[in-house]
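Have a look at the structure below, then the notes.
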Amino acid sequence: MPSQGKGNRLDASAMMRLTLPYIVFTLICAKNFANAAGDHWCYTQEECDAHTWSGECQTGKQQSPIDFTQKNTIQRNDAVRLRFNRKYSDAQDHFMVKNNGHTIQIQLGNDITSDLVMDGDYFKGSYRFSQLHFHWGSHEDKGSEHTVNGNGYVAELHLVHYSNDYKSLKEAVGTKNRRGLAVLGIFFEISNEDNHALQPIVEAISRVKRQEDDLVRVDIPLNVSALLPNDLSLWRYYGSLTTPSCNEVVVWTVFKKAVPISRSQWEAFKASADTKGKSIVDNYRPPQSTINRKVYFLNNVNRERMPEAGEDDRSPPLADSFYENAQRAVNSKAGSSDDKNNQHGSNSGPGRAEVVNSALTGFIFLSIFLQVLITTVFKCR
Ligand SMILES: *[C@@H]1O[C@H](CO)[C@@H](O)[C@H](O)[C@H]1NC(C)=O
Ligand SMILES: [Zn+2]
């Protein structure tokens with residue numbers, strides 16, 4: 001056994017020496033590709049719009065946003081809870097705003113993290129609020145990312161959360177966990193009156209008319225929870241970030257009931273511009289395919305306050321899986337649902353010999369793979 005192990009190591013290092021130049025060359029080439037495709041992305045110019053977005057944006061199978069129709073959704077009537085901690089309903093005495101050239105983004109501090117936490121039935125764990133931002137249109141009938149029966153809304157708000165299993169939004173986005181992020185989407189429709197909950201943000205926008213790297217502190221009270229609609233009927237599905245690099249790490253919650261926005265509030269959004277002075281508008285990605293995906297419409301959603309630390313939790317335990325065990329949860333309402341399907345073979349351990357063999361096979365395949373890449377490298381120049 002020991003001598004065999006040594007032999008494997010020698011083979012491996014020889015193979016490594018052979019493949020290293022390929023790796024370096026391939027990396028250089030990959031960088032050129034990336035530059036050619038452009039780190040610069042946009043919504044409305046042909047050379048950088050959503051059709052040109054690369055990587056998972058092109059190859060992904062669980063992309064967002066989507067169009068909700070009668071046909072592609074499964075309606076469910078069982079009672080579902082959405083829970084927010086107390087901090088959600090506290091008015092924040094200040095917040096930070098940024099115009100990043102693609103959207104207006106609000107954070108509650110310099111750091112993209114906060115004490116606002118939410119969970120709920122079928123979320124599997126709790127989520128920390130990170131930032132909120134908007135997508136809006138040039139006309140009343142477009143601007144939202146998600147659409148309903150093919151129809152858009154004038155704007156859509158995204159409340160971005162990341163799983164408490166991770167230390168940061170960045171870490172959560174970098175994982176392949178398809179529920180690493182939880183984003184709540186809220187539609188806006190034009191109303192004759194101002195939306196008071198939105199007014200602090202509207203005032204903040206006037207301070208970041210032009211794109212800037214910096215966050216601007218705004219000392220106006222903001223109540224994040226007041227931005228939610230009263231009727232919490234919602235669509236729920238697994239999807240992605242709607243901007244490059246379109247990572248498929250989001251469990252989406254989109255509320256059916258739109259909240260109001262007045263024309264003058266809408267104008268404030270449309271008045272913001274990027275560094276070149278081009279106005280930011282129609283900053284939405286078109287709907288993506290829902291083939292082979294389950295989209296649920298939940299029409300019995302109740303809002304609850306999350307128990308604080310030390311407080312007695314009298315409510316029944318949260319169901320932690322929805323998509324995989326939805327039917328089972330209905331059939332045996334009392335039974336606790338687990339989430340086996342979501343943990344792809346993480347505890348099936350191969351034997352040691354298998355490990356050595358597969359490491360060697362891995363190296364051989366890697367070198368073949370790299371040589372194939374090399375032939376494509378010529379296209380690279
Ligand atoms: C924030 O909004 C929520 C929901 O509308 C409300 O229940 C709560 O009282 C508000 N908080 C403050 C401080 O006004
Ligand atoms: Zn968004």
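Worth a mention:
- Per-peptide average of other Cβ atoms within 10 Å, ordering 207-216, 106-115 highest first: 106-115, 207-216
- Residue pairs, from the table Lys142/Lys257; Lys61/Lys176; Lys61/Lys294; Lys98/Lys294; Lys257/Lys278; Lys167/Lys278, whose Cα atoms sit over 24 Å apart: Lys98/Lys294; Lys257/Lys278; Lys167/Lys278
- Under 19 Å from the Cα of Lys276 - aspartates and glutamates, other chains or at least 8 residues apart: Asp39, Glu46, Glu47, Asp49, Glu212, Asp213, Asp214
- Kirkwood hydrodynamic radius of segment 101-166, Cα pairs, Å: 13.5 Å
- Sorted on the mean count of surrounding Cβ atoms within 10 Å across their residues, most packed first, peptides 133-146, 64-77 read 133-146, 64-77.
- Positive dipole terminus of segment 50-341, leading residue within Gln105, Val154, Gln211 (C-beta point charges): Val154
- Backbone N under 19 Å from the Asp111 label point (7 Å along Cα→Cβ), restricted to segment 202-228: 215-218
- Placing unit charges on the Cβ atoms only, positive for Lys and Arg and negative for Asp and Glu, gives segment 134-190 a dipole magnitude near 440 debye about its Cα centre.
- Added length on full extension, which subtracts the Cα-Cα distance from 0.36 nm per residue, Asn151 to Asn164: 1.2 nm
- Neighbour counts of other Cβ atoms within 10 Å put Lys278, Lys87, Lys176 in the fewest-to-most order Lys176, Lys278, Lys87.
- Take 223-234, 249-260 and order them by the average number of nearby Cβ atoms within 10 Å per residue, most first; the result is 249-260, 223-234.
- Under 5 Å, built H, 5+ apart or other chain: amide partners of Ser245: none
- Taken along the Cα-to-beta-carbon direction at a fixed 7 Å, the label points for Arg210 and Lys294 span 5.1 nm.
Coordinate-derived values only; no laboratory data. As the structure is a computational prediction, the values presented were derived from the model and not from experiment. Methodologically, a virtual Cβ is constructed for each residue, glycine included, from the backbone with ideal geometry; neighbour enumeration extends over all protein chains shown.
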